[in-house]
1. At 1.4 Å probe size, what's the solvent-accessible area of Tyr70? Round to the nearest 10 Å².
2. Quick one: net charge around Pro98, please, counting Lys, Arg +1 and Asp, Glu -1 for every other residue with C-beta under 9 Å from its C-beta.
3. Looking at the chain, which longest stretch skips every one of the trypsin sites (Lys or Arg not before Pro) that is in a DSSP loop with at most 13 other Cβ atoms within 10 Å, leaving the sites themselves out?
4. Which angle between 0 and 90 degrees, to the nearest 10, do you get for helix 30-41 versus the longest principal axis of the chain when only C-alpha atoms count?
5. Work out the length of the dipole vector of the chain about its Cα centre, built from +1 on the beta-carbon of each Lys and Arg and -1 on the beta-carbon of each Asp and Glu, and round it to the nearest 20 debye.
6. Under the rule that an exposed site lies in a DSSP loop and has at most 16 other Cβ atoms within 10 Å, name the longest stretch of the chain with no GluC sites (Glu not before Pro) of that kind, not counting the sites themselves.
7. Between Ile108, Ile64, Ile21, which gets the highest mean-square fluctuation from a Gaussian network model of the chain, Cα cutoff 10 Å?
8. Expected output is a single nm value to one decimal: the length gained when fully extending between Asp49 and Glu118, i.e. 0.36 nm times separation in residues minus the C-alpha distance. What is it?
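The values are calculated or read from the model by the stated rules, or taken from the named source; none is laboratory data. None of these values were measured; they are calculated from a predicted model. Counting neighbours? That spans all protein chains shown, and the Cβs are built from the backbone with ideal geometry, glycine included. To get the accessible areas, we keep the full protein, side chains included, count just its heavy atoms, and leave off ligands, DNA and RNA. Shrake-Rupley method; radii C 1.70, N 1.55, O 1.52, S 1.80 Å.
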Amino acid sequence: MQHDDLAGAEAPAMGAALRGIGLNLLVRDVAEETRFLTEVFDMRVLRADKDFALMAYGDQVFQIHGDHTYHDNPLPSLLPEAGARGGGLELRLYDTDPDDAARRAEAIGAVVLQPPAEKPHGLREAYLLDPSGYCWVPSRPIV
């Protein structure tokens, strides 16, 4: 199933079409999260409502669910009420310019945890926190 096909698929068909490794972020506010991802990283929203969003980054697709949708799931009991989530998790975006992303993040008032810098492993990268406190790392090879 192609990205655009997923956008209009019913939940059972969409779930059956997902392959490989999946990423699903639990967030406090789906609309706020999708705004951050589209404005800072130029991601595409394939579908979204107050409960759920399906996002595209290049050829990759991932999901976002509002905390309130996990009422019968034990995972939310592990989440902090306030502060950052995903401690130790880096969501790396290898096809995003860190300087552009950091500028856009600052423009919308997002937290720039570490400004763009060249790293010994050959990447220029920045560390940006989204509204739920997940750490996104836009990076590009040093040329």
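1. Approximately 50 Å² of Tyr70 is accessible to the 1.4 Å probe.
2. -2
3. In the chain, the maximal stretch lacking such sites is 51-143.
4. 40
5. It works out to roughly 260 debye.
6. Numbers: sites that count: Glu10, Glu81.
After excluding every exposed loop site, the longest remaining stretch is 11-80.
7. Per the Cα network of the chain with a 10 Å cutoff, Ile21 tops the list.
8. 21.1 nm
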